[in-house]
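Visitor: Okay, here's the structure, questions in a sec.
The values are calculated or read from the model by the stated rules, or taken from the named source; none is laboratory data. For clarity, every value in this text was computed on a predicted model and none was experimentally measured. We place every Cβ from the backbone using ideal geometry, glycine too, and count neighbours over all the protein chains shown.
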Amino acid sequence: MHNPLRYEVAGQVATLTLDIPATRNALSPDLRDALADAVADIKRRSDIRAVVLTGAGGHFCSGGDLRNIAGAGLDNQGWHARLHGVHHWLQDLITLDRPVIAAVDGAAYGAGLGLALVADYVIGTPRTRLCVSFLKVGLVPDFGIFYTLPRVVGAQRAKELMLSAREVGADEALRLGLVAELQPPEQLQARAQAVAASFVGASPVAVALIKRAVASNGDITTQLELEASAQSLAMGTPAHREAVQDFLQKRPPAFQWPSA
């Protein structure tokens, strides 16, 4: 039986590849279950330092599996329970204390865009096409988009994208910050792996604290206190002490951001 998700770990980087090319990697029940299992495994493994999310067959993810949705036969309570099941692992992925990099070629539509937006760093290609497509089928955004999209593009632009359900091409996605950079399709996977591998040399404590601080919605007083607490923790880590010694002794730093 074909596995809808390839889950591989190499060099302390976990790679999750959505692999149902016939549906452009639509989020079938089997694929959602496989993602839930993979996220749970990653969360409990200390040897994994970064995660890459990507899709096979020239597309990231076309969104929800509409044939499955149409035939599900669920009532209001059933859909609520089903979404709660997704939210459990999706929240674990959004709040993961390690960097998540999304390599997005082709379509990332609907819930597929939601999955891409959980990432801390999104890399696209000139073929990347993004769409908050839910209103086209009489639905509201899910897969965390109400939380993630306004934080990326601001509330006004997020509403425009949700209400228009229009497609965003690669160049506009780059301008809006929906992707951080564009790479040729043939270089996308190598670039995503290089970005992920760079975090193997980063302080895991500092990375986790950065993600937690950025996710916080506190006022200025709360944010400054969070800053002081986080920095005091980071100052006491071996990674900080070793990085200072590397600098003073003119050794290459352990953390080096990859070149384009």
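Visitor: Within the range 235-260, how many residues are of a type in the set (Ser, Thr, Tyr) and under 26 Å from the mean Cα position of the chain (by Cα)? Steps first, please.
Guide: To start, the set of residues in the range 235-260 that are of a type in the set (Ser, Thr, Tyr) comprises 237, 259.
So of that shortlist, the ones also under 26 Å from the mean Cα position of the chain (by Cα) come out as 259.
Number of matching residues: 1.
Visitor: Can I ask one more? When the range 1-55 is examined, which residues are found to be among the small types (Gly, Ala, Ser), assigned to a strand (DSSP E or B) and closer than 18 Å to residue 90 by Cα? It would help to see each step written out before you state the result.
Guide: Let us first name the residues in the range 1-55 that are among the small types (Gly, Ala, Ser), namely 10-11, 14, 22, 26, 28, 34, 36, 38, 40, 46, 50, 55.
So of that shortlist, the ones also assigned to a strand (DSSP E or B) come out as 10, 14, 50, 55.
Within the range 1-55, 14, 50, 55 meet the criteria.
Visitor: Turning to a different aspect of this structure: I want to confirm something. Restricting to the range 208-225 and keeping residues that are among the aliphatic types (A, V, I, L, M) and under 24 Å from the mean Cα position of the chain (by Cα), which single residue is surrounded by the most Cβ atoms within 10 Å (Cβ to Cβ)?
Guide: Keep residues of the range 208-225 that are among the aliphatic types (A, V, I, L, M), which gives 208-210, 213-215, 220, 224.
After this cut, where a residue has to be under 24 Å from the mean Cα position of the chain (by Cα) as well, the list is 208-210, 213-215.
Values: 208: 18, 209: 20, 210: 17, 213: 15, 214: 10, 215: 11.
So the residue we want is 209.
Visitor: Residues 254, 230: which one is of a type in the set (A, V, I, L, M) and in a helix (DSSP H, G or I)? Reasoning before the result, please.
Guide: Details: 254 fails: in a helix (DSSP H, G or I).
Exactly one of 254, 230 is of a type in the set (A, V, I, L, M) and in a helix (DSSP H, G or I), namely 230.
Visitor: Same structure again: Listed residues 170, 190; which is modelled with pLDDT of 95 or more and either surrounded by 13 or more Cβ atoms within 10 Å (Cβ to Cβ) or touching a Phe, Trp or Tyr at 6+ places or on another chain (Cβ under 6 Å) (or both)? Give the steps one after another, and end with the answer.
Guide: Values: 190 fails: either surrounded by 13 or more Cβ atoms within 10 Å (Cβ to Cβ) or touching a Phe, Trp or Tyr at 6+ places or on another chain (Cβ under 6 Å) (or both).
Sole residue among the options that is modelled with pLDDT of 95 or more and either surrounded by 13 or more Cβ atoms within 10 Å (Cβ to Cβ) or touching a Phe, Trp or Tyr at 6+ places or on another chain (Cβ under 6 Å) (or both): 170.
Visitor: Answer with yes or no whether residue 194 is assigned to a helix (DSSP H, G or I), aliphatic (A, V, I, L, M) and touching a residue at least 60 places away in the same chain (Cβ under 8 Å). Can you show your working first?
Guide: Values: assigned to a helix (DSSP H, G or I): yes; aliphatic (A, V, I, L, M): yes; touching a residue at least 60 places away in the same chain (Cβ under 8 Å): yes.
Answer is yes for this residue.
Visitor: If you don't mind, there's one more thing I want to ask. Since residue 2 meets every condition but one in (1) without any contact (Cβ under 8 Å) to a residue 24 or more places away in the chain; (2) crowded, with 17+ Cβ neighbours inside 10 Å, which condition does it not meet?
Guide: Evaluating residue 2 over (1) without any contact (Cβ under 8 Å) to a residue 24 or more places away in the chain; (2) crowded, with 17+ Cβ neighbours inside 10 Å leaves (2) as the failure.
Visitor: Looking at (1) buried (at least 17 other Cβ atoms within 10 Å of the Cβ); (2) not in a helix (DSSP H, G or I), can you tell me which one residue 205 breaks?
Guide: (2)
Visitor: If you scan the range 23-52, which residues turn out to be of a type in the set (S, T, N, Q) and surrounded by fewer than 18 Cβ atoms within 10 Å (Cβ to Cβ)?
Guide: The initial filter retains those residues of the range 23-52 that are of a type in the set (S, T, N, Q), namely 23, 25, 28, 46.
Residues satisfying the conditions are 28, 46.
Visitor: Out of the range 45-67, which residues are in contact with a strand residue (DSSP E or B) (Cβ under 9 Å, 6 or more places away or on another chain) and at pLDDT below 90?
Guide: Within the range 45-67, 64, 65 meet the criteria.
Visitor: Could you tell me which residue of the range 108-155 is modelled with the highest pLDDT, considering only residues that are in contact with a Gly (Cβ under 9 Å, 6 or more places away or on another chain) and of a type in the set (Phe, Trp, Tyr)?
Guide: The extreme case among them is 109.
Visitor: Counting only residues that are within 23 Å of residue 159 (Cα to Cα) and either without any contact (Cβ under 8 Å) to a residue 12 or more places away in the chain or out of contact with any His (no Cβ under 8 Å at 6 or more places or on another chain) (or both), give me the helices (runs of 4 or more DSSP H) lying completely in the range 56-137 with at least 3 of them.
Guide: On the way: elements: 66-71, 76-94, 111-117.
Counting at least 3 such residues, we get 76-94, 111-117.
The rows are residues; the columns are (1) of a type outside the set (Asp, Glu); (2) touching a strand residue (DSSP E or B) at 6+ places or on another chain (Cβ under 6 Å).
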residue: 98; (1), (2): yes, yes
residue: 103; (1), (2): yes, yes
residue: 137; (1), (2): yes, no
residue: 147; (1), (2): yes, no
residue: 150; (1), (2): yes, no
residue: 153; (1), (2): yes, no
residue: 158; (1), (2): yes, no
residue: 171; (1), (2): no, no
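Visitor: Further, regarding this structure: For residue 79, state whether it is modelled with pLDDT under 90 and either among the hydrophobic types (A, V, I, L, M, F, W, C) or within 28 Å of residue 195 (Cα to Cα) (or both). Write out each step before concluding.
Guide: Numbers: modelled with pLDDT under 90: yes; either among the hydrophobic types (A, V, I, L, M, F, W, C) or within 28 Å of residue 195 (Cα to Cα) (or both): yes.
Considered against the rule, which asks whether it is modelled with pLDDT under 90 and either among the hydrophobic types (A, V, I, L, M, F, W, C) or within 28 Å of residue 195 (Cα to Cα) (or both), residue 79 comes out as yes.
Visitor: Of the conditions (1) in contact with a Gly (Cβ under 6 Å, 6 or more places away or on another chain); (2) loosely packed, with under 15 Cβ neighbours inside 10 Å; (3) of a type in the set (Val, Ile, Thr), residue 95 fails just one. Which one is it?
Guide: Evaluating residue 95 over (1) in contact with a Gly (Cβ under 6 Å, 6 or more places away or on another chain); (2) loosely packed, with under 15 Cβ neighbours inside 10 Å; (3) of a type in the set (Val, Ile, Thr) leaves (1) as the failure.
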